[in-house]
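This report refers to the structure that appears directly beneath it.
The values are calculated or read from the model by the stated rules, or taken from the named source; none is laboratory data. Being a predicted model, the structure only gives us computed values, none of them experimental. Methodologically, a virtual Cβ is constructed for each residue, glycine included, from the backbone with ideal geometry; neighbour enumeration extends over all protein chains shown.
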Ligand SMILES: [Zn+2]
């Protein structure tokens with residue numbers, strides 16, 4: 001499944017535990033961001049929203065202001081991305097990739113989701129190219145791990 005979360009999507013933003021180390025209100029509970037896995041706080045406000053709008057996605061403050069593309073990655077490329085040898089992607093230009101957007105990979109093999117540690121990393125698009133020898137409808141971009 002292709003997913004793209006970000007600016008125009010989420011309506012609930014969770015405080016990051018890195019920014020707010022202690023619960024500010026009694027109802028706050030520790031959770032993790034479903035996109036980047038960062039520790040954050042589930043708030044009463046968020047639970048109220050989800051009670052009436054179950055499809056609302058609650059993400060951390062960083063993911064709320066940054067578009068994160070969740071894209072499939074063939075297993076044969078996963079080690080090279082993880083080790084930092086492969087720092088570029090050539091993709092169908094079907095989701096408005098922009099410099100600064102973040103990338104999360106879903107490792108796949110023969111069309112099936114597989115486990116690989118690259119799935120736990122987040123990358124950021126640092127450079128992006130359209131045209132210039134690329135077939136129409138394709139984009140190339142450079143990525144760097146977003147720590
Ligand atoms: Zn996040």
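Quick notes on this structure:
- When the residues of the stretch 36-64 are filtered to those that are more than 13 Å from the ligand (Cβ to nearest atom) and in a loop (DSSP other than H, G, I, E, B), the one that is nearest to the chain's Cα centre (by Cα) is 56.
- When residues in the stretch 92-102 are screened for being more than 13 Å from the ligand (Cβ to nearest atom) and crowded, with 20+ Cβ neighbours inside 10 Å, 2 of them pass.
- In this structure, residue 89 does not qualify as touching a helix residue (DSSP H, G or I) at 6+ places or on another chain (Cβ under 7 Å), surrounded by 14 or more Cβ atoms within 10 Å (Cβ to Cβ) and either touching a residue at least 12 places away in the same chain (Cβ under 8 Å) or closer than 30 Å to residue 20 by Cβ (or both).
- Checked against the criterion of being within 30 Å of residue 20 (Cβ to Cβ), out of contact with any helix residue (DSSP H, G or I) (no Cβ under 6 Å at 6 or more places or on another chain) and modelled with pLDDT under 90, the stretch 134-147 has at least one qualifying residue.
- Number of the exception - residue 83 against (1) at pLDDT 90 or above; (2) surrounded by 14 or more Cβ atoms within 10 Å (Cβ to Cβ): (2)
- Which numbered condition residue 72 fails, given (1) under 26 Å from residue 18 (Cα atoms); (2) away from the ligand (no atom under 16 Å from the Cβ); (3) in contact (Cβ under 8 Å) with a residue 60 or more places away in the chain: (1)
- Qualifying residue in the stretch 14-35 (condition: in the same structural domain as residue 128 (by TED's automatic domain parsing), assigned to a loop (DSSP other than H, G, I, E, B) and within 16 Å of the ligand (Cβ to nearest atom)): no
- Number of the condition not met by residue 108 [criteria: (1) in a loop (DSSP other than H, G, I, E, B); (2) touching a residue at least 12 places away in the same chain (Cβ under 8 Å)]: (1)
- Complete set of residues in the stretch 111-147 that are free of Cβ contacts under 8 Å to residues at least 24 places away in the same chain and more than 19 Å from residue 83 (Cβ to Cβ): 111, 112, 113, 129, 131, 132, 133, 135, 136
- Subset of the stretch 111-128 (residues that are part of a loop (DSSP other than H, G, I, E, B) and in contact with a helix residue (DSSP H, G or I) (Cβ under 8 Å, 6 or more places away or on another chain)): 114, 116, 121
- Long-range neighbours under 6 Å by Cβ, at least six apart or interchain, first residue farther than 16 Å from residue 101 by Cβ within the stretch 45-68, second in a loop (DSSP other than H, G, I, E, B): 49/56; 50/56; 56/11; 57/10
- Selection status of residue 78, over 12 Å from the mean Cα position of the chain (by Cα), at negative phi, surrounded by 15 or more Cβ atoms within 10 Å (Cβ to Cβ) and assigned to a helix (DSSP H, G or I): yes
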